[in-house]
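Visitor: For reference, the structure I am asking about is given below.
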Amino acid sequence: MSVTAAKGFVAAGVAAGIRRRGLDVALVRSVTPAVGAAMFTVNRVQAAPVKISREHLTLAEPQAVAVNSGVANAATGARGDADARATAAEVGRLLDLEPEQVLVLSTGVIGAPLPLDRLLPGLADAAGALSGRGGHAAAKAILTTDTRPKEATVSATGFTVGGMAKGSGMIHPNLATMLAVVTTDYPLEPGGAIEFLRPAVAESFNAISVDGECSTNDAVVLLANGASGLERTPASDLELAAALRSVCADLARQIVEDGEGATVFAEIAVTGAASDAEARAIASRIATSPLVKTALFGRDANWGRVLAAAGSAPFNGGYAQVDPDLITLAYNDTLVLVGGAPSEDEPDVSSPNCRIELDLGLGDGAAAYLTSDLSYDYVRINADYRS
């Protein structure tokens, strides 16, 4: 049950009428004292819930997360901040928590104020519906243009990590139009959760792109309550790190697979770069290239576009190092370029999954990225988003 798979967590998803139809308010709560951490978008234009949740994390350990979909509460001025605070205060009242122990997340249309007349009663309904079986409903309630909920769970030795996420468009590192809540019954000390969350996010949510757009509301939250009763050891810490990476990677992959209008899921693997940082820059450039993405949509192994993107990857005020005479490139394990020279083989790229492997032949740097194609439906969905 995703966010309620770990012991001591309850959740709910209800319809408050914020969206035209379907569930639109989610609530997740630890019933035993928890510690937590969060990472947020680096966009300079940040929504009210991002600002208020950042503030709350400096004042208390989070015990609950409230999420609404349909309205982003972004670019809403002082009223937006007040509405985010009112949301946290109402959840605190309902759950007997301090407002600072509540994180608030919103997703939807930018520039529209939160309809508190619908949201606050919805929160009351959600509080009344909290249960250990409510994880799936909560995962459905946070969706916008997504076509399906995104959930993941890992059962480890004596503890569990579970999570839910939303995201389909405006997906790009640092973070994107995505929200994720991850829970675990593993024991962590106050202030310690971020040390596990940060590397997991770097390898997952910050290594995906659907359309290269970085939004205003993005957040990944981790709550840990220790309800497993497990005795913490260095070995168990390593297992937690691996389980958290696995859950985040699973959710990130589901986001890309459900990209707006996506018909192809693509993995970009760059090796042989001068450094890991340069490999990441090149992988990002390929993954966000409109020409590469439209070729994926056309099921066309147009590898010249990959080379052009790789050779123009911004890095440290210039471009990442590339020597075209050393490059080896493959689509779905079929070599199309070897040592800078084209092969005579034509790869099969007719399936909805494509793996592009680029070996630069320069060093040991490596990075991976997930992306999707760019289709007619992506344009249609975003042209009609507010209508």
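The values are calculated or read from the model by the stated rules, or taken from the named source; none is laboratory data. On a predicted model such as this, the values are computed, not experimentally measured, just so you know. Quick reminder, even Gly has a Cβ in these numbers, built from the backbone with ideal geometry, and neighbours come from all protein chains shown. Calculation scope for accessible area: heavy atoms of the full protein, side chains included, ligands and nucleic acids excluded. Shrake-Rupley method; radii C 1.70, N 1.55, O 1.52, S 1.80 Å.
Visitor: Taking every DSSP beta bridge with both residues inside the chain, roughly what % is antiparallel (nearest 5)? Don't skip to the answer; put the middle values down first.
Guide: On the way: 50 of 73 bridges.
Of those bridges, close to 70 percent are antiparallel.
Visitor: I need the per residue convex hull volume for the chain, using only the alpha carbons, in cubic angstrom as a whole number. Intermediate values should be presented prior to the final figure.
Guide: Details: hull volume 51.1 nm³, N = 387.
Hull volume normalised by residue count: 132 Å³.
Visitor: Follow-up. What percent does the relative contact order of the chain come to when contacts are Cα pairs within less than 8 Å and at least six residues apart? Mind showing how you got there, number by number?
Guide: On the way: 1047 pairs, mean separation 67.8, N = 387.
Relative contact order here is 18 percent.
Visitor: List the residues whose amide H sits under 5 Å from the amide H of Val71, counting only those 5 or more places along or on another chain, with H placed 1.01 Å from N in the peptide plane.
Guide: For Val71, the qualifying residues are Thr107, Val109.
Visitor: Below 27 Å, Cα to Cα, which lysines can Lys293 reach? Residues fewer than 8 away in the same chain don't count.
Guide: Within the straight-line limit of under 27 Å, Lys293 reaches these lysines: Lys150, Lys166.
Visitor: At a Cα cut-off below 15 Å, give the aspartates and glutamates reachable from Lys51, other chains included and same-chain residues fewer than 8 away excluded.
Guide: Result set, ordered by chain and number: Asp81, Asp83, Glu100, Asp218.
Visitor: Could you list which residues have their amide H under 5 Å from that of Thr76, counting only those 5 or more apart in sequence or on another chain, with H placed in the peptide plane?
Guide: It is Ala48, by chain and number.
Visitor: Still on this model: How would you order 286-293, 52-59 from highest to lowest mean count of nearby Cβ atoms within 10 Å? Please list the in-between numbers first.
Guide: Values: 286-293: 21.8, 52-59: 16.5.
My ranking of the peptides, most packed first, is 286-293, 52-59.
Visitor: Based on the Cα atoms of the stretch 269-330, what semi-axes does the equivalent ellipsoid have, where each is the square root of 5 times one gyration tensor eigenvalue, given in whole Å with the largest first? Write down the numbers at each step before the final one.
Guide: Details: eigenvalues 78, 32, 18 Å².
Equivalent-ellipsoid dimensions as semi-axes: 20, 13, 9 Å.
Visitor: Here is a follow-up. Based on alpha-carbon atoms only, what is the radius of gyration of the stretch 224-288 relative to the globular estimate 2.2 N^0.38 Å? Please report the intermediate quantities before stating the final value.
Guide: Values: Rg = 17.1 Å, N = 65, 2.2 N^0.38 = 10.7 Å.
So the stretch 224-288 has a normalised radius of gyration of 1.59.
Visitor: Going by average Cβ neighbours within 10 Å, how do the peptides 143-150, 278-285 rank, with the highest at the top?
Guide: Working: 143-150: 20.1, 278-285: 26.0.
Top to bottom by mean Cβ count within 10 Å: 278-285, 143-150.
Visitor: Now for a different question. How long are the semi-axes of the equivalent ellipsoid of the stretch 1-106, taking √(5λ) for every eigenvalue λ of the Cα gyration tensor, in whole Å from largest down? Could you put the intermediate results ahead of the total?
Guide: Numbers: eigenvalues 87, 63, 33 Å².
In descending order, the three semi-axes are 21, 18, 13 Å.
Visitor: Related question: Work out from phi, with θ = phi - 60° and the Karplus expression 6.51 cos²θ - 1.76 cosθ + 1.60, the ³J(HN,Hα) of each residue of the stretch 344-358, listed in order in whole Hz, and give x for Gly and Pro.
Guide: Taking θ as phi minus 60°, the curve returns 9, 7, 10, x, 8, 10, 7, 7, x, 10, 9, 10, 10, 10, 10 Hz for the stretch 344-358.
Visitor: May I pose another question? Using a 1.4 angstrom probe with every protein chain in place, what is the largest-first accessible-area order of Glu90, Glu203, Glu257?
Guide: Numbers: Glu90 35, Glu203 120, Glu257 70 Å².
If we order Glu90, Glu203, Glu257 from most to least accessible, we get Glu203, Glu257, Glu90.
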